[in-house]
Ligand SMILES: Nc1ncnc2c1ncn2[C@@H]1O[C@H](COP(=O)(O)OP(=O)(O)OP(=O)(O)O)[C@@H](O)[C@H]1O
Ligand SMILES: [Mg+2]
């Protein structure tokens, strides 16, 4: 980690905790918004494990997010305790991702994206037709049983519970990307052929990454079910796969926290603009476009960009900086 | 720590173009064996066949007596085959240190470890030593993409060495290097070969390097083996001179 990186981490943690304490005082609407933010942070980060670290362009992550959401919704009907239901959501989503990863492991590039998209849509169509999953209407009234260590039917308790789950999952993902496996993934991203000639069985690593990302997406989906209390087929739709990709793009792939920042910005923006105008998607689109054109490396690159702009102005006429 | 290599009647085609034509070749374990031949002779293709990059139309590839014709590349690495490419392939956005570290981790089969964050101290040490050996310590924190052609070649050779290979395939290891770098790399290859007893198969256009290093020479011409012999005798063969002179006359 860079010098000062530790201080940034501490400052960030303090800010998050302060915000977490403040949010419940802002009313139920804000609580729902920021729960969604936290969940999308996890979802976007899980997608970025594939996109940014392994260069696996999956357009079907909503399948695993949705699988997690439906697992929790169905198990909540039989009064499963939340931790057990969420563990099941992770397991179901990871298993599904493992199978999908195996099936798609021989395909690369655009064809791969299309296959993952198709698999997601198959699941979407299946749930739409399924009576057990509530068909078009989905499952509503998802709630944890009103007992246990702390009563999650209380909005504030649920808020803290969701934050805790997201925090633990984020730490786990951070652990994965900075492990030897994480390094191997970035190596595969850079040059899969070179990696193979170092003895790295590229396909197996892709399947592993796919499984881990799928499990994390499943957890995000499960938390989403508790947060919104309603799970409809739309959670499985491809638009749901596109949004974490956009968050990662806006925030900055190839970094761990970039997609999280992107998730915060976009989820918040969608909410604020959604309140202000019916054409909110148009404005979000404009913001997206602006980012892709002006800050292609995402929010995380802004400090660097500003520094270079400021430095450039001061150093006009001087020899150009020779950073490799 | 050495592996024998045998090619039996290997034929490789791209469409109608026969790139390797019934190639039979024996590389004794522990020798320093060079393959020479004009541009397009099929040297790199032969390396690709040995390392598992290419499939063959006909023939067999044997490593240490075992038929590996259909064994995938990553598995052959596990058997001890390490390779450096003609145009060095490194991980461009990783630092020089991380490039080497990934190779060392791979050689210890630690790259699947996702449940532990720290890289074992022993592995770190080994990676540092590999950097020193290749004289890359000063460049350790630079992204590999920023390296010169020669440095990149050295980095890749270092990564191949880090794999503890039993058969080392070096495709024009000194291409793009300055005379000093070439001399240093030649020395290093001989040193590693002496220390570890690894089998080395290399191609090179720089005849100085070839005659400095090789114990045996195979001349390849248009996908065919012209001869395999000790360097002194290969040098005296009229057909070898003709192949080279003929080609350079065409180029002139
Ligand atoms: N993928 C390919 N498709 C078609 N032809 C190919 C392919 N790869 C190589 N060739 C052809 O095979 C022949 C041998 O190529 P190869 O790279 O093995 O030669 P080489 O001996 O390594 O030459 P050099 O000394 O220039 O590196 C060349 O004629 C080349 O054009
Ligand atoms: Mg070649």
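Below is a table of values for the structure above.
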{"read-out": "Two-site FRET efficiency, residue A:290 against residue A:32, from Cβ-Cβ distance with R₀ of 35 Å, rounded to 0.05", "value": "0.80"}
{"read-out": "Two-decimal Rg to Rh for chain B - Kirkwood Rh, Cα set", "value": "0.98"}
{"read-out": "Mean-position separation - Cα centroids, segment B:80-144 and segment A:43-101, in angstrom", "value": "33 Å"}
{"read-out": "C-alpha long axis of helix B:238-251 to longest principal axis of chain B, angle in °", "value": "80 degrees"}
{"read-out": "For q = 0.06, 0.13 Å⁻¹, Debye-computed log10 I/I(0) when each Cα of the protein assembly as shown counts as one equal scatterer", "value": "-0.40, -1.24"}
{"read-out": "Degrees between helix A:109-129 axis and first principal axis of chain A (Cα, 0 to 90, nearest 10)", "value": "20 degrees"}
{"read-out": "Cβ-Cβ FRET estimate between residue A:279 and residue A:122, R0 fixed at 41 Å, reported to 0.05", "value": "0.80"}
{"read-out": "Percent of alpha-carbon pairs separated by more than 29 Å within segment A:26-236", "value": "26 percent"}
{"read-out": "Protection proxy ranking of A:175-187, B:216-228, A:130-142 - average other beta-carbon atoms within 10 Å, highest first", "value": "A:175-187, B:216-228, A:130-142"}
{"read-out": "Chain A: angle of helix A:180-190 to the longest principal axis, Cα-based, in degrees nearest 10", "value": "60 degrees"}
{"read-out": "Inter-label distance, nm, simple model (7 Å from Cα along the C-beta direction), residue B:115/residue B:17", "value": "5.0 nm"}
{"read-out": "Antiparallel bridge percentage (DSSP; both residues within chain B; nearest 5)", "value": "55 percent"}
{"read-out": "Cα centroid separation - segment B:28-76 against segment A:126-201, whole Å", "value": "44 Å"}
{"read-out": "Separation in nanometres of the label points that stand 7 Å from Cα toward Cβ, at residue A:136 and residue B:95", "value": "5.8 nm"}
{"read-out": "FRET efficiency estimate (nearest 0.05) - Cβ-Cβ, residue A:17 to residue A:310, R0 30 angstrom", "value": "0.40"}
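Values in this text are rule-based calculations from the coordinates and carry no lab data. Treat the numbers as computed from the prediction; the structure is a model and nothing was measured. Cβ: placed from backbone, ideal geometry, glycine included. Neighbour counts: every protein chain shown.
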